[in-house]
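The values are calculated or read from the model by the stated rules, or taken from the named source; none is laboratory data. All of these numbers come straight from a predicted model, not from anything done at the bench. A quick note on method: Cβ atoms are made from the backbone with ideal geometry, for glycine too, and the neighbour counts reach across all protein chains shown. To get the accessible areas, we keep the full protein, side chains included, count just its heavy atoms, and leave off ligands, DNA and RNA. Shrake-Rupley method; radii C 1.70, N 1.55, O 1.52, S 1.80 Å.
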Amino acid sequence: MIITKKRDFKELMENIKNYKSFFLLGCSECATLCGTGGEPELKAMKETLEAEGKSVTGTFVAKTGCQVLGTKVELKPFKEALDKTDCIIVMSCGAGTQSAVELYEDKPVFPANDSLFLGNMTRLQFFDERCSLCGKCILDKTGGICPITACPKGLLNGPCGGCKDGHCEISPDIKCAWVRIYERMKKLDRLQELCEVTLEAKDWSASQKPRTLVTREEKKK
Ligand code: SF4
Ligand code: SF4
(Lines give C-alpha, C1' and ligand atoms only; values in the text may rest on other atoms or scores of the structure.)
(Ligands and ions follow the chains in the order given, each with its own letter.)
Protein backbone atom coordinates (compact mmCIF):
# COMPACT_ATOMS: atom_id res chain seq x y z
CA MET A 1 0.00 0.00 0.00
CA ILE A 2 0.99 3.62 -0.47
CA ILE A 3 1.83 5.23 2.85
CA THR A 4 0.74 8.82 3.28
CA LYS A 5 0.85 11.40 6.03
CA LYS A 6 -1.04 14.64 6.34
CA ARG A 7 0.72 17.67 4.87
CA ASP A 8 1.42 20.62 7.09
CA PHE A 9 -1.97 22.34 7.32
CA LYS A 10 -0.41 25.80 7.14
CA GLU A 11 1.12 24.89 3.77
CA LEU A 12 -2.23 23.68 2.50
CA MET A 13 -3.90 26.87 3.73
CA GLU A 14 -1.26 28.88 1.88
CA ASN A 15 -2.06 26.88 -1.31
CA ILE A 16 -5.78 27.58 -1.03
CA LYS A 17 -5.77 31.09 0.40
CA ASN A 18 -7.26 32.60 -2.78
CA TYR A 19 -10.13 30.10 -3.03
CA LYS A 20 -13.41 30.06 -1.16
CA SER A 21 -15.09 26.73 -1.93
CA PHE A 22 -13.77 23.18 -1.92
CA PHE A 23 -14.67 19.64 -2.84
CA LEU A 24 -12.90 17.03 -0.69
CA LEU A 25 -11.94 13.71 -2.28
CA GLY A 26 -10.64 10.81 -0.18
CA CYS A 27 -9.81 7.17 -0.92
CA SER A 28 -11.19 4.05 0.77
CA GLU A 29 -8.01 2.05 0.33
CA CYS A 30 -4.50 3.04 1.49
CA ALA A 31 -5.39 6.57 2.61
CA THR A 32 -8.19 5.24 4.78
CA LEU A 33 -5.84 2.70 6.38
CA CYS A 34 -3.25 5.45 6.93
CA GLY A 35 -5.85 7.70 8.56
CA THR A 36 -5.28 10.42 5.95
CA GLY A 37 -8.25 10.15 3.60
CA GLY A 38 -11.17 8.19 5.03
CA GLU A 39 -14.57 9.44 6.17
CA PRO A 40 -13.38 10.71 9.60
CA GLU A 41 -10.51 12.67 8.04
CA LEU A 42 -12.78 14.24 5.39
CA LYS A 43 -15.27 15.22 8.09
CA ALA A 44 -12.49 16.78 10.18
CA MET A 45 -11.10 18.64 7.15
CA LYS A 46 -14.58 19.96 6.29
CA GLU A 47 -15.04 21.25 9.84
CA THR A 48 -11.58 22.83 9.88
CA LEU A 49 -12.10 24.58 6.53
CA GLU A 50 -15.50 25.84 7.62
CA ALA A 51 -13.98 27.15 10.83
CA GLU A 52 -11.53 29.06 8.62
CA GLY A 53 -14.48 30.69 6.80
CA LYS A 54 -14.30 28.45 3.70
CA SER A 55 -17.20 26.49 2.23
CA VAL A 56 -17.26 22.82 1.29
CA THR A 57 -19.53 21.98 -1.66
CA GLY A 58 -19.18 18.23 -1.21
CA THR A 59 -17.09 15.34 0.06
CA PHE A 60 -16.59 11.84 -1.29
CA VAL A 61 -14.38 8.88 -0.46
CA ALA A 62 -13.55 7.16 -3.75
CA LYS A 63 -13.28 3.39 -3.68
CA THR A 64 -9.80 3.43 -5.27
CA GLY A 65 -8.59 6.96 -5.91
CA CYS A 66 -5.82 5.95 -8.31
CA GLN A 67 -8.34 4.15 -10.54
CA VAL A 68 -9.12 7.03 -12.90
CA LEU A 69 -12.15 5.63 -14.76
CA GLY A 70 -13.72 4.12 -11.64
CA THR A 71 -13.37 7.43 -9.81
CA LYS A 72 -14.85 9.29 -12.78
CA VAL A 73 -17.96 7.07 -12.67
CA GLU A 74 -18.26 7.35 -8.88
CA LEU A 75 -18.07 11.14 -9.03
CA LYS A 76 -20.91 11.53 -11.58
CA PRO A 77 -23.57 12.09 -8.88
CA PHE A 78 -21.41 14.92 -7.47
CA LYS A 79 -21.40 16.96 -10.71
CA GLU A 80 -23.24 19.92 -9.19
CA ALA A 81 -20.96 20.09 -6.14
CA LEU A 82 -17.90 19.77 -8.39
CA ASP A 83 -19.16 22.43 -10.80
CA LYS A 84 -19.70 24.82 -7.89
CA THR A 85 -16.33 24.32 -6.22
CA ASP A 86 -13.38 26.64 -6.75
CA CYS A 87 -10.94 23.77 -6.31
CA ILE A 88 -10.51 20.18 -5.21
CA ILE A 89 -8.52 18.98 -2.21
CA VAL A 90 -7.46 15.35 -2.56
CA MET A 91 -6.87 13.39 0.62
CA SER A 92 -5.17 10.31 -0.83
CA CYS A 93 -1.73 9.63 -2.32
CA GLY A 94 -0.14 11.57 -5.16
CA ALA A 95 -1.58 9.09 -7.65
CA GLY A 96 -5.12 9.75 -6.42
CA THR A 97 -4.45 13.49 -6.59
CA GLN A 98 -3.42 13.12 -10.21
CA SER A 99 -6.61 11.19 -11.02
CA ALA A 100 -8.48 14.35 -10.04
CA VAL A 101 -6.06 16.46 -12.09
CA GLU A 102 -6.84 14.28 -15.12
CA LEU A 103 -10.60 14.31 -14.55
CA TYR A 104 -11.01 18.02 -13.77
CA GLU A 105 -8.74 19.91 -16.14
CA ASP A 106 -10.41 23.26 -15.38
CA LYS A 107 -10.12 23.04 -11.57
CA PRO A 108 -7.07 23.57 -9.40
CA VAL A 109 -6.32 20.40 -7.44
CA PHE A 110 -4.27 20.38 -4.22
CA PRO A 111 -2.87 17.44 -2.24
CA ALA A 112 -3.72 17.24 1.45
CA ASN A 113 -1.14 14.50 2.01
CA ASP A 114 2.50 13.69 1.44
CA SER A 115 3.06 10.30 -0.20
CA LEU A 116 5.96 8.54 1.49
CA PHE A 117 6.58 4.97 0.40
CA LEU A 118 5.23 1.58 -0.57
CA GLY A 119 4.83 -0.16 2.73
CA ASN A 120 3.34 -2.88 4.86
CA MET A 121 1.06 -2.21 7.81
CA THR A 122 2.55 -4.26 10.64
CA ARG A 123 -0.14 -3.29 13.16
CA LEU A 124 -2.82 -0.63 13.17
CA GLN A 125 -1.29 2.50 11.63
CA PHE A 126 2.32 1.26 11.96
CA PHE A 127 3.98 1.14 8.55
CA ASP A 128 7.29 -0.26 7.30
CA GLU A 129 8.92 0.31 3.92
CA ARG A 130 9.66 -3.09 2.39
CA CYS A 131 9.88 -2.61 -1.39
CA SER A 132 11.37 0.19 -3.49
CA LEU A 133 9.61 -0.88 -6.72
CA CYS A 134 12.91 -1.54 -8.49
CA GLY A 135 11.18 -3.36 -11.36
CA LYS A 136 13.29 -6.54 -11.21
CA CYS A 137 12.73 -8.41 -7.98
CA ILE A 138 15.60 -10.26 -6.30
CA LEU A 139 13.69 -11.54 -3.26
CA ASP A 140 14.06 -15.07 -4.64
CA LYS A 141 17.80 -14.82 -3.94
CA THR A 142 17.71 -12.98 -0.62
CA GLY A 143 15.37 -15.08 1.49
CA GLY A 144 12.48 -12.71 0.83
CA ILE A 145 14.15 -9.69 2.44
CA CYS A 146 14.83 -6.75 0.15
CA PRO A 147 18.36 -5.31 0.59
CA ILE A 148 17.56 -2.45 -1.80
CA THR A 149 15.00 -1.24 0.72
CA ALA A 150 16.04 -2.68 4.09
CA CYS A 151 19.68 -1.54 3.76
CA PRO A 152 19.97 2.27 3.86
CA LYS A 153 22.75 2.02 1.26
CA GLY A 154 20.86 -0.49 -0.86
CA LEU A 155 23.87 -2.79 -0.91
CA LEU A 156 23.51 -5.92 -3.01
CA ASN A 157 26.72 -7.73 -2.15
CA GLY A 158 26.58 -8.36 1.57
CA PRO A 159 27.12 -6.19 4.63
CA CYS A 160 29.36 -3.14 4.63
CA GLY A 161 32.03 -2.55 7.25
CA GLY A 162 29.63 -0.49 9.31
CA CYS A 163 27.66 -3.45 10.57
CA LYS A 164 28.05 -3.62 14.36
CA ASP A 165 26.59 -6.35 16.56
CA GLY A 166 24.17 -7.12 13.76
CA HIS A 167 22.96 -3.55 13.54
CA CYS A 168 23.39 -0.86 10.91
CA GLU A 169 25.84 1.99 11.25
CA ILE A 170 23.17 4.38 9.99
CA SER A 171 21.04 3.74 13.08
CA PRO A 172 21.25 1.23 15.92
CA ASP A 173 17.47 0.88 15.57
CA ILE A 174 17.93 -0.77 12.18
CA LYS A 175 19.05 -4.36 12.05
CA CYS A 176 21.57 -4.86 9.23
CA ALA A 177 19.65 -6.06 6.20
CA TRP A 178 22.35 -8.57 5.31
CA VAL A 179 22.41 -10.01 8.82
CA ARG A 180 18.65 -10.45 8.51
CA ILE A 181 19.11 -12.14 5.13
CA TYR A 182 21.82 -14.43 6.54
CA GLU A 183 19.73 -15.38 9.56
CA ARG A 184 16.67 -16.06 7.44
CA MET A 185 18.56 -18.21 4.95
CA LYS A 186 20.18 -20.09 7.85
CA LYS A 187 16.76 -20.74 9.39
CA LEU A 188 15.53 -22.05 6.03
CA ASP A 189 18.65 -24.22 5.70
CA ARG A 190 19.53 -22.34 2.50
CA LEU A 191 22.91 -20.90 3.54
CA GLN A 192 24.74 -22.82 0.84
CA GLU A 193 22.42 -21.25 -1.72
CA LEU A 194 23.23 -17.80 -0.33
CA CYS A 195 26.96 -18.51 -0.62
CA GLU A 196 26.56 -19.55 -4.23
CA VAL A 197 24.26 -16.77 -5.28
CA THR A 198 25.69 -14.13 -7.56
CA LEU A 199 23.87 -10.84 -7.61
CA GLU A 200 24.98 -9.21 -10.78
CA ALA A 201 25.30 -5.46 -11.04
CA LYS A 202 21.74 -4.30 -11.02
CA ASP A 203 20.16 -3.17 -14.23
CA TRP A 204 18.25 -0.11 -13.07
CA SER A 205 16.60 0.46 -16.45
CA ALA A 206 13.50 -1.33 -15.13
CA SER A 207 13.03 1.51 -12.65
CA GLN A 208 13.41 4.30 -15.20
CA LYS A 209 10.52 6.74 -14.69
CA PRO A 210 7.87 7.35 -15.83
CA ARG A 211 6.91 3.72 -16.20
CA THR A 212 3.85 2.35 -17.97
CA LEU A 213 2.47 -1.15 -18.24
CA VAL A 214 -0.39 -2.71 -20.17
CA THR A 215 -1.52 -6.09 -18.88
CA ARG A 216 -4.73 -6.35 -20.86
CA GLU A 217 -4.54 -8.78 -23.71
CA GLU A 218 -6.02 -7.47 -26.93
CA LYS A 219 -9.30 -9.18 -27.76
CA LYS A 220 -8.90 -11.82 -30.40
CA LYS A 221 -10.62 -10.86 -33.64
S1 SF4 B 1 14.01 -6.41 -5.12
FE2 SF4 B 1 12.93 -4.70 -6.10
S3 SF4 B 1 10.82 -5.43 -6.50
FE4 SF4 B 1 11.82 -6.86 -5.05
S5 SF4 B 1 11.18 -6.11 -3.02
FE6 SF4 B 1 13.16 -5.14 -3.50
S7 SF4 B 1 12.69 -3.20 -4.48
FE8 SF4 B 1 10.82 -4.43 -4.48
S1 SF4 C 1 25.30 -2.05 8.13
FE2 SF4 C 1 24.07 -3.45 6.89
S3 SF4 C 1 22.09 -2.39 6.58
FE4 SF4 C 1 23.57 -0.85 7.30
S5 SF4 C 1 24.38 0.08 5.46
FE6 SF4 C 1 25.80 -1.60 6.01
S7 SF4 C 1 25.03 -3.39 4.89
FE8 SF4 C 1 23.39 -1.84 4.85
Problem set entry | Where labels lie 7 Å past Cα in the beta-carbon direction, separation of LEU213 and GLU52 in nm | 3.7
Seminar exercise, completed: Toy charge model, Lys and Arg Cβ at +1, Asp and Glu Cβ at -1: the stretch 135-207 dipole around Cα centroid in debye, rounded to 20, equals 120
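Expressed as a whole percentage, what fraction of the accessible surface of the chain belongs to carbon and sulfur atoms when a 1.4 Å probe is rolled over the protein heavy atoms?
53
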Exercise. Across the chain, how large is the tail of the calculated P(r) beyond 25 Å, expressed as a percent of all Cα pairs?
Worked result: 53
Exercise. Can you work out ³J(HN,Hα) from phi for every residue in the stretch 111-124, in order, using Karplus 6.51 cos²θ - 1.76 cosθ + 1.60 and θ = phi - 60°, giving whole Hz and x for Gly and Pro?
Worked result: x, 8, 10, 9, 8, 9, 6, 7, x, 10, 8, 8, 7, 3
Exercise. In nm, to one decimal, how far is the modelled label at ASN15 from the one at MET121, with both set 7 Å along Cα→Cβ?
Worked result: 2.3
Exercise. Ranked highest first by the average count of other Cβ atoms within 10 Å around their residues, in what order do 25-31, 12-18 fall?
Worked result: 25-31, 12-18
Seminar exercise, completed: The answer for the stretch 135-207, accessible area per residue at 1.4 Å probe in Å², is 66
Problem set entry | Top positive-direction residue, dipole computed over the stretch 23-115 with Cβ charges, set ALA100, GLY37, LEU75 | LEU75
For this session: Can you work out the accessible area per residue across the stretch 2-116, with the rest of the protein chains kept in place, probe 1.4 Å, in square angstrom?
Result: 52
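Which entries in the list LYS136/LYS186; LYS63/LYS175; LYS43/LYS84; LYS20/LYS209 go over 28 Å, if you measure between the two C-alpha atoms of each?
Too far apart for the 28 Å limit: LYS63/LYS175; LYS20/LYS209.
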Exercise. How much length, in nm to one decimal, is gained on full extension between LYS107 and ARG184, taken as 0.36 nm per residue of separation minus their Cα-Cα distance?
Worked result: 22.6 nm
Problem set entry | VAL68-ASP173 FRET efficiency (beta carbon distance; Förster radius 41 Å; 0.05 resolution) | 0.60
Problem set entry | Using θ = phi - 60° and Karplus 6.51 cos²θ - 1.76 cosθ + 1.60, couplings along the stretch 23-32 (whole Hz; Gly, Pro as x) | 10, 9, 10, x, 8, 7, 9, 4, 5, 5
For this session: Sketch the reach of a paramagnetic label on ILE138 as a point 7 Å from Cα along Cα-to-Cβ, and name the residues of the stretch 156-193 whose backbone nitrogen lies under 12 Å away.
Result: 156-159, 178
